[in-house]
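Below you'll find the structure, written out as structure tokens, and then a few comments.
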Amino acid sequence: MPGARHKILGHVLSGFCHKMNRRKPLYGEMETPLNRCLTTLDITLLGVGHMVGAGIYVLTGTVARHMAGPATALSFLLAGITSTLAALCYAEFGTRIPRAGSAYAYTYVSIGEFWAFIIGWNIVLEYMIGAASVARAWSGYLDAMVDGAISNATISITGEMHDSLLSRYPDVLAFIICIVASLILAVGVKTSAIINNGLTILNLLVITLVIILGFYYADIENWSEKNGGFMPYGFSGVLAGAATCFYAFVGFDSISASSEEAKDPTRSIPIATILSMALVAFGYILVAIALTLMVPYQTINPEAALPAALGAVHADWAKYAVAIGAVCGMTTTLLGSLFSLPRCLYAMSADGLLFGFLSDVNNKSQIPTCNLIIAGFSSALIALFFDLEKLVEFMSIGTLLAYTIVSAAVIILRYRPNQTVDDSSFGAPPLESPGDREDSSATGTPGTDGGSSSSEMFEALTVGRLRAQYAWLEPLAGGRAPGTAVTGCVYTFTIAAAALCAHNHFLAEHVALWALLPDIILSFIIFACLVIIWAHQQSPTRIPFKVPWVPLLPAASVMLNVELMVNLNALTWARFAIWMTFGLLLYFLYGIHHSKLGEGVTGLLSRSASGGGHSGGWGAVEKTNALARRIGRLGRGSKGDDRKPIICDDELNRREP
């Protein structure tokens, strides 16, 4: 019965592929059980507070001392550019999809369920480790200020942990800090936002003071050849520093995570994203310059770089101001991570990919309290046992992967046509997503309508197809469903970019000319993919914010993210593989079977018990004949296939001797 086995196996595999690639539909204004109370200022300061914390007080000294020297400013510049490109992509998605879950929600709508789970699982890792690393930095900074009294007392009681994978001693103070931060967030989103705003403003004032003092006491000799020069570790050190400095900017996705609690997400999310990224990048670069001009990079104390540098130039009084700023900055960063983590768990649970109790929202505080407890305790345990440096490296890889996929998804969604025909992209079921509709239903912003010009109407009909002036590409990119060629090019571009970056990273400095042949071939493939994507018609859908220069800017974001991922060490990749193994087991054993997209029309279009029952809300059924026919076809097709036997009786009779 080899034929029967092949048919059964094919049926099972096709069902799994269909489930893994199904996409989340969006209709109408989103109802939510969360509290929509955050203003643009609240969200901007949330992003700034999340980014300006341990990075500026701890990471700057570590990178300057061990990785890049005075060129740390270039490392922050490169990491800032990479993060800004990704942030623009997040801002467009935040405008289209004002929902908690950040990159997870964006990937679910644009690419499919499997990649959405991968991104969501890595965002959980990012926020959890982010909170733990900040608590660890908070504790280490305070310990350095009291000359190691805290660590010495702890070691005298508990002893040292002789394991290279763990920290030198259990950090009890970091554990307590995580628990206290969780209790602050439990009082409600508006109250915690007010606390965050005050601490962030105070932190920004301290950073301004540090920059002024740094330039006042600057000595250009600290950048001279006598002290190692501006770039003592070479450009490879700048790249390695940028991969680590990237950690300083990861907090901007807390802005998109707050979408479901913003008063006006379509306006607030893009404004807050751009303002916070510009402010933070400018501040990091100036602090790095000021620090390395005050003292030679070899003398920087990585544990407490700024206080030690100010002490070296006899500005001892400023050390107390820096201590206050450090406490404020690390507290806001910790609050940002613990704010975002429960929202991601809530979004994944509401879609059925994680356990159902994680989508419960407290009626009084309007926050997912159970998630907050789990997030706080998990982060506290990680902070108790793991070292800061290992945590930072581990977090960066998952964040870079999320940024890469979100940037690629912007290109895919921009060239995806209206779903008037069955969509075969990614093997997804023929259901509409927010970017597929002429009216941007996720934001309530009208797209091309009856008042549109004839040229806009023509563009809407030709989305995802080759433009007339590129008809010569028809033999290569024609003959496919609209948008399919662009999707294939995005996949090819990402793989080729990863191969190019990996080849250059592992290539020896002095090689034969033939070894450059892979670079030439891969560069040609990358260029060809961009040309083919550019040749297609983009969607004319009007939304409040769009990434400019698509596909060039998102493609540049993909390239830079991949380059930074390649520069992470092998042990980081090994830890990442272990984390992904647990995630894949969870998805295939639980998530794929409990997904709301697999519960028929009711489950497919439901949001949650508390927020999905309102007509016109998130997941509400739009009562149009076209949609009804499409869902009917989907339901009849799937049920009919399930009832039909895989092997018919006639075939069995023919096979019997």
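The values are calculated or read from the model by the stated rules, or taken from the named source; none is laboratory data. Model, not experiment: these values are computed from the prediction. Glycine also receives a Cβ, built like all others from the backbone with ideal geometry; neighbour counts cover every protein chain displayed. The area values use the complete protein model at the heavy-atom level, side chains included, leaving out ligands, DNA and RNA. Shrake-Rupley method; radii C 1.70, N 1.55, O 1.52, S 1.80 Å.
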Mean Cβ neighbour count within 10 Å, used as a protection proxy, ranking 40-47, 195-202, 58-65 highest first: 58-65, 40-47, 195-202
- request: First measure r as the distance between the Cβ atoms of I324 and I194, then evaluate 1/(1 + (r/R0)^6) with R0 = 25 Å and state the FRET efficiency to the nearest 0.05.
  value: 0.85
- line: Expressed as a percent, the accessible surface of segment 88-208 that is carbon or sulfur, using a 1.4 Å probe and the full set of protein chains, is 73 percent
- line: Here segment 274-413 gives, from Cα atoms, an Rg and Dmax in Å of 19.8, 58
- prompt: Shape of segment 38-77 from its Cα gyration tensor (a ≥ b ≥ c, root eigenvalues): rounded if a/c is under 1.5, otherwise prolate when a/b > b/c, or oblate?
  reply: prolate
query: Given N residues in segment 262-340, what is Rg(Cα) / (2.2 N^0.38 Å)?
result: 1.41
task: May I ask you to order 290-302, 231-243 by the average number of other C-beta atoms within 10 Å around their residues, highest value first?
output: 290-302, 231-243
- line: Distance in Å, no decimals, from the C-alpha centre of segment 203-219 to the one of segment 294-323 is 11 Å
message: Between F357 and L552, what is 0.36 nm times their sequence separation minus the Cα-Cα distance? Round to one decimal in nm.
response: 66.0 nm
query: Where the centroid of each part is defined by its Cα atoms, how far is segment 153-195 from segment 126-144 in Å?
result: 7 Å
task: Mind giving me the FRET efficiency for D519 and K364? R0 is 60 Å, r the Cβ-Cβ distance, nearest 0.05 is fine.
output: 0.50
message: At 1.4 Å probe radius, can you tell me the per residue accessible area of segment 236-311 in Å²?
response: 24 Å²
query: Which percent of the accessible heavy-atom area of segment 237-395 goes to carbon and sulfur, probe 1.4 angstrom?
result: 68 percent
query: When the gyration tensor of segment 65-136 is built from Cα positions, what are the square roots of 5 times its three eigenvalues, in whole Å, from largest to smallest?
result: 28, 17, 10
task: Using Cα centres only, tell me the gap between segment 30-75 and segment 551-582 in whole Å.
output: 20 Å
task: At 7 Å along the Cα-to-beta-carbon direction for both M161 and D316, put a label point, then send me their distance in nm to one decimal.
output: 3.7 nm
field: Per residue value of the accessible surface for segment 23-121 (all protein chains in place, 1.4 Å probe), Å²
entry: 17 Å²
message: On a 28 Å Cα-Cα criterion, which of the cross-link pairs K24/K263; K364/K546; K19/K546; K364/K596 come out too long?
response: K364/K546; K19/K546
statement: Honestly segment 488-599 on the Cα gyration tensor test (a ≥ b ≥ c root eigenvalues; a/c under 1.5 rounded, otherwise a/b vs b/c for prolate or oblate) is just oblate
- line: Contact order relative to length for segment 120-222, counting C-alpha pairs under 8 Å separated by 6 or more residues, stands in percent at 20 percent
Nitroxide proxy distance, nm - points 7 Å out along Cα→Cβ at V180 and R467: 5.8 nm
- request: Could you rank the peptides 548-557, 324-333 by their average count of other C-beta atoms within 10 Å per residue, with the highest value first?
  value: 324-333, 548-557
task: Assuming R0 = 25 Å, can you tell me the calculated FRET efficiency for the pair T39 and N301, based on Cβ-Cβ distance, to the nearest 0.05?
output: 0.05
